[in-house]
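Structure first, then comments.
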Amino acid sequence: QVQLVESGGGLVQFGGSLSLSCAASGSIFSIYVMGWYRQAPGKQRELVASITPGGRENYGDSVKGRFTISRDNAKNTMYLQMNSLKPEDTAVYYCNAKNVFGDFWGQGTQVTVSS
């Protein structure tokens, strides 16, 4: 089992910045990719960004150039730096970890961008 605890998020104005953190515990040695997903009301959950233990990054098209994912393996923590935020970035953001046993999710944290 993998436990994920998110922190950060909140309310920010258009063009502002926010940072999210996700602390992992449990069977973290088996994780082969971690990522951030988001879900807006009435929409499907979508990938925001992912990162492998080796640091290979992948971004959703809508956030490329604005968001940066990173991880500190020593602290078992993943981060998401969000810049130039837009109202359409408003959603609940979820931390995700994948291992051979399946997907694990954090509880989610709300990000709201006002226009």
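The values are calculated or read from the model by the stated rules, or taken from the named source; none is laboratory data. Remember, predicted model here, so these are calculated numbers, not experimental data. Note: ideal-geometry Cβ built from the backbone for every residue, glycine included; neighbour counts use all protein chains shown. To get the accessible areas, we keep the full protein, side chains included, count just its heavy atoms, and leave off ligands, DNA and RNA. Shrake-Rupley method; radii C 1.70, N 1.55, O 1.52, S 1.80 Å.
Sequence-ordered 3J(HN,Hα) estimates for segment 42-55 from the Karplus curve with 6.51, -1.76 and 1.60 and θ = phi - 60° stand at x, 10, 6, 5, 10, 6, 9, 6, 9, 8, 8, x, x, x Hz, glycine and proline given as x.
Each Lys or Arg adds one and each Asp or Glu takes one away; over the other residues whose Cβ falls under 12 Å from the Cβ of CYS22, this sums to 0. Taking amide H as placed 1.01 Å from N in the peptide plane, VAL2 has its amide H under 5 Å from the amide H of SER27, each at least 5 places away in sequence or on another chain. Ranking GLU88, GLU57 from most to least accessible surface, computed with a 1.4 Å probe over the protein chains only, gives GLU88, GLU57.
Atom-type composition of the exposed protein surface of the chain places 51 percent of the accessible area on carbon and sulfur (1.4 angstrom probe). At q = 0.16, 0.17 Å⁻¹ the log10 of I(q)/I(0) for the chain amounts to -0.67, -0.75, computed by Debye summation with a single uniform scatterer per C-alpha, solvent ignored. Per residue, the chain exposes 53 Å² of accessible surface when a 1.4 Å probe is rolled over the protein heavy atoms with every protein chain present.
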